[in-house]
Amino acid sequence: MTSAPMANAPSGPQPRDLPAAPRPAATPDRTLHMIGNAHLDLVWLWPWQEAYQEARATFWSAIHRMEEYPDFVFTCDQMILLSWVEETDPELFEQIRRRVEEGRWVNAGGWWVEPDNNMPMGESFARQGLYGQRYLQSRFGRMATVGMNVDPFGHNAMLPQILRQQGMDSYMFLRPGPTESDFGDTLFWWQAPDGSRVLAYRIPFEYCSPPGDVVGQTDKSLAQLDRSHGEAMVFYGVGNHGGGPTKANIESIHRYDRMGSFGRMKMSSPREYFDEMLGRGPRFLDGLNVRADDLQHHAPGCYSAHSGIKAWQRRAQFAVLNAERWAAVSTVREGIEYPRDDLERAWKQVLLNQFHDTMPGSAIEPSYDDARDQLGEATAIAKRIIARAHNLIAKRIDIPMDVATQPVIVFNPHPWPVTADVDLQYGAQPAGVHMVDADGAPVVTQRSQSTATTDDRNRGAIVFRAEVPAFGYRLYRLRPGAPEQPPASGALTVTDSLLENEHVRIEIDPVTGWISSFVNKATGVDVMAGVDGAQHTQVCDDPTDTWGHRVISYAWPGATMELKRIVVRETGPLRSRVRVEREWGRSTLTEEFVLSHDSGVLRVNVTLDWREQAHLLKLRFPTSLTDPRATYEIPYGTIERPVDGAEEPAQSWVDVTGTVDGAPAGLTVIATNKHGYDVSPGDEPSIGITAVRSPVYSWHDPRLLDPEGFYSFQDQGIQRFSYELVAHDGDWRAAQPARRAAVLGAPVRAQLESFHDGELPAQLSFAADGGGQVMVTAIKGSEDPAADGSADLIVRAVETTGAAASARIELPLVGRTLEADFGPSQIRTFRVPVDPDAPVVEVDLLEFPLGGDGDGDVSDVRTAGVPAAEGASAPAIPADGVEPEPPVVPSTDLDAE
């Protein structure tokens, strides 16, 4: 029997390798760029070791599909996957290299992993690109030009500037979806606060697909797509646990392309799609909407899930950043080889554990054993580098013999002067000790409680006031015997209901245990006059899943923890400490209010022993403000958000500003290790911190928990964190919250030392940013060695207030001063050669020189020689956070190179 030619059909046996044309004339006039990929969660419902193996299996699958289908293109992101394959399967890696040369294996994203995009520090995002893009450049000779974070749960507003400074002009993401966001665009301009833009594409529907026919993926993508632009990207391929595009995926694309079912279907790459969009010219591009905001919200419960990973991450990030700084000092001053390999290993452990299911707390419980160990390794590496550097410095300080004293050196890792109350443990002094400076002048000192609970009367502890130069050190000496106190700068009064000095008067309600009055004496304004202290602790039954899917707010009325007692734990000339203890159910909360004699800032040290399952605790800070406005810290910047009670991410601080009886006033809350906040309206506008949530590990809505089931709940046990309350006169910038947060998270370090001769003075600064609007965020050795094999200095700074500024950065370490202009929220990075005759070069976040293509202008960078300075290069920030004007240091401006 004679058979007729087979018609195109969506199913049934179809011949392979038929030509695409001629398509039916009725084919929709659009091109769908089919993006083959294999999203691989490094950690989620499996440990990282499983992903390590799956990367190899998935990549071999992609290579085999290329051998079978000449038009197949594969898009890969997360450079750690390539590094895992490189170290286990050289044959596969060589195949990948060959396909990259062909243009059929496309590396996108340019970052080490797809991280959470809200909680890591700004410098962590710089390092994601630094290690990811440089890896691509070194292995394949080309970097990614398209940013790619398909799975993370939100995206901070500074990312466009970061992406542009890492060589990427466009960005792909999935979340938030159309139902979770206040914008409906698929393609739009995303603009950072400094004005940097990337062309952004929200992936319609999903980034991965089932292994069979792509019809469902395409249908649902088109249903969520803004189709006004004609062309679109549709992502396909088995993902999450890897897998990648299948034969059935690819053959169905060929079939539907011939049929014209959805339009032209083209095996493509993100770069090809964006190039076609950019090639449409100004008329099209100028017509796109501009988004100048975060891309939020999805899964806001992740800002607070698993307190441990948040704390380990913050500690590790600070440790490695500080290790870089001190390592640079050792390299420049001592000729020690810059420990690039050690720092890279530490950073890569930090970056791995910023993955978007690890840091958000949404992975399985065993993954956090690995995370704790890996972040512990990073911190341990950093501490060894710091200890070595401090001892290399200490041995060169001139410390004359005085047998009646014990030398103590206090090191400040921050590039601005820091005034701090330093806790110090000591031994061999049964009569107690007091502190003097290097010249023998008494320093405010008081006894404290030793960490050693023994009957050894020789052991003890003190707290003393240290004033340390910017990124430097200062020598002090312990003397035996009770202290001869210098006159205190202000009287300090403390009872179980009052903390007062010359700056603030803070009253504690004996019924609620919370503040009922917080008077800023400079203005007379009380930002917490008569507030309801029962609001401070809010315990809620929390049946939301680990992610907090579809949650908008956790700002619900809750049960108040019961006040057990208020105790004055510590008094003295330097500081006071009032302890407030609460309990609810099987859980306890201890808050110790600490006020220094000369500070207007109240520090609160928190110990929470949480024993509740599927519950949350909000710490709320009600105010007496009217007309409130809310500002949040985000990576490298700040953003204003509505006062609406929404659960929002923040780095380390949140501010609410308004008026009290017509006078401008505000309250800034600065916290360690916490990222889930709200600012809520009402008669008493308030800031809330989600201190703890305790869902089941990796519990995903809509599954309901079995009341008879056995589950493991997060955050059972003791955790510690600190926060500060700063009352101000209506401008949060005066409180310098970014600098306060850095000092709170990375305190100065005190080291006992011996007597010896040396060439270094009793105090010294290696670098100083002046303590103003522009804040130095990184000081490190260059990734590319200098001509003689040593390291040049890399210095990065960011404008922190949203207003243009001129900055002066003193670098006595290398005998230079930089002067440069910064736009609002602008990030700038400089390579400063150790050779004083070599020019300073402005570089991008990858440490490559700016190419003069409009991304950067070095014409305003002025350099001058400056001798290595004794002492601080700028005045110390007093404990009340208000900084005096920096002194003018004469210099000669040089022409920019």
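So, restricting to strands (runs of 3 or more DSSP E) that lie completely within region 748-796, which ones have at least 2 residues that are buried (at least 20 other Cβ atoms within 10 Å of the Cβ) and touching a residue at least 60 places away in the same chain (Cβ under 8 Å)?
It comes to 763-765, 774-781.
Looking for something closer than 19 Å to S268 by Cα, among the hydroxyl-bearing types (S, T, Y) and assigned to a strand (DSSP E or B) - is there at least one such residue anywhere in region 60-67?
For region 60-67, residues closer than 19 Å to S268 by Cα, among the hydroxyl-bearing types (S, T, Y) and assigned to a strand (DSSP E or B): absent.
Looking at region 574-590 only, could you name the residues that are under 16 Å from Q719 (Cβ atoms) and surrounded by 19 or more Cβ atoms within 10 Å (Cβ to Cβ)?
Within region 574-590, R582, W584, S587, L589 meet the criteria.
All but one of (1) among the polar types (S, T, N, Q); (2) in contact with a helix residue (DSSP H, G or I) (Cβ under 8 Å, 6 or more places away or on another chain); (3) at pLDDT below 95 hold for S825; which doesn't?
Of (1) among the polar types (S, T, N, Q); (2) in contact with a helix residue (DSSP H, G or I) (Cβ under 8 Å, 6 or more places away or on another chain); (3) at pLDDT below 95, only one is false for S825: (3).
Just to be sure, is R831 basic (K, R) and at pLDDT below 95?
Taking the combined requirement at face value, the residue does not satisfy it.
Among the residues of region 243-292 satisfying the criterion of being outside any helix (DSSP H, G or I) and in contact with a Gly (Cβ under 6 Å, 6 or more places away or on another chain), which is farthest from R56 (Cα to Cα)?
P245
Which is closer than 19 Å to E612 by Cβ and assigned to a strand (DSSP E or B), of V726, V654, V669, V692?
Just one listed residue meets the conditions, V692.
Name the single residue that is nearest to P685 (Cα to Cα) among those in region 559-573 being surrounded by 17 or more Cβ atoms within 10 Å (Cβ to Cβ) and modelled with pLDDT of 95 or more.
The extreme case among them is T560.
Return yes when N8 is in contact with a Phe, Trp or Tyr (Cβ under 8 Å, 6 or more places away or on another chain) and of a type in the set (S, T, N, Q) and no when it is not.
Considered against the rule, which asks whether it is in contact with a Phe, Trp or Tyr (Cβ under 8 Å, 6 or more places away or on another chain) and of a type in the set (S, T, N, Q), N8 comes out as no.
Within region 655-700, can you find the residues that are in contact with a Pro (Cβ under 8 Å, 6 or more places away or on another chain), of a type in the set (V, I, T) and under 19 Å from G548 (Cβ atoms)?
Hit for region 655-700 is V679, nothing else.
The conditions are (1) of a type outside the set (F, W, Y); (2) assigned to a loop (DSSP other than H, G, I, E, B); (3) modelled with pLDDT of 95 or more; (4) under 17 Å from G572 (Cα atoms), and A420 fails exactly one of them. Which is it?
All conditions are met except number (2).
Could you tell me whether region 711-719 includes any residue that is assigned by TED's automatic domain parsing to the domain that holds T590, surrounded by fewer than 22 Cβ atoms within 10 Å (Cβ to Cβ), of a type in the set (F, W, Y) and assigned to a strand (DSSP E or B)?
Scanning region 711-719 turns up at least one residue that is assigned by TED's automatic domain parsing to the domain that holds T590, surrounded by fewer than 22 Cβ atoms within 10 Å (Cβ to Cβ), of a type in the set (F, W, Y) and assigned to a strand (DSSP E or B).
Take the conditions touching a Leu at 6+ places or on another chain (Cβ under 7 Å), buried (at least 21 other Cβ atoms within 10 Å of the Cβ) and either at pLDDT 95 or above or not β-branched (V, I, T) (or both) and apply them to L40. Does it pass?
yes
Being surrounded by fewer than 23 Cβ atoms within 10 Å (Cβ to Cβ) and either within 17 Å of Q535 (Cα to Cα) or of a type in the set (S, T, N, Q) (or both) narrows it down to one of P628, P681, P702, so name that one.
When all the criteria are applied, what remains is P681.
Check off (1) touching a residue at least 12 places away in the same chain (Cβ under 8 Å); (2) crowded, with 17+ Cβ neighbours inside 10 Å; (3) assigned by TED's automatic domain parsing to the domain that holds L563 for I462 and give me the number that stays unchecked.
Among (1) touching a residue at least 12 places away in the same chain (Cβ under 8 Å); (2) crowded, with 17+ Cβ neighbours inside 10 Å; (3) assigned by TED's automatic domain parsing to the domain that holds L563, the lone unmet condition for I462 is (3).
Of all the residues that make up region 328-356, how many are touching a Lys or Arg at 6+ places or on another chain (Cβ under 9 Å), in a helix (DSSP H, G or I) and crowded, with 21+ Cβ neighbours inside 10 Å?
Summing the residues that are touching a Lys or Arg at 6+ places or on another chain (Cβ under 9 Å), in a helix (DSSP H, G or I) and crowded, with 21+ Cβ neighbours inside 10 Å in region 328-356 gives 6.
Looking only at region 357-378, filter to residues that are part of a loop (DSSP other than H, G, I, E, B) and buried (at least 18 other Cβ atoms within 10 Å of the Cβ); which one of those is nearest to the chain's Cα centre (by Cα)?
M359
Quick one: is R325 surrounded by fewer than 17 Cβ atoms within 10 Å (Cβ to Cβ) and not small (G, A, S)?
Criteria not met by R325.
Considering only region 807-823, state which residues are in contact with a strand residue (DSSP E or B) (Cβ under 6 Å, 6 or more places away or on another chain), within 19 Å of D844 (Cα to Cα) and not β-branched (V, I, T).
The answer is A807, L818, E819, A820, D821, F822.
Please determine, by comparing only the residues of region 389-417 that are assigned to a loop (DSSP other than H, G, I, E, B) and in contact with a helix residue (DSSP H, G or I) (Cβ under 7 Å, 6 or more places away or on another chain), which one is nearest to V320 (Cα to Cα).
Step by step, filter region 389-417, then rank; the result is P413.
The values are calculated or read from the model by the stated rules, or taken from the named source; none is laboratory data. Note that the structure is a prediction, hence the values are computed from the model and not measured. Positions of Cβ are generated from backbone atoms using ideal geometry, with glycine treated the same way; all protein chains shown enter the neighbour counts.
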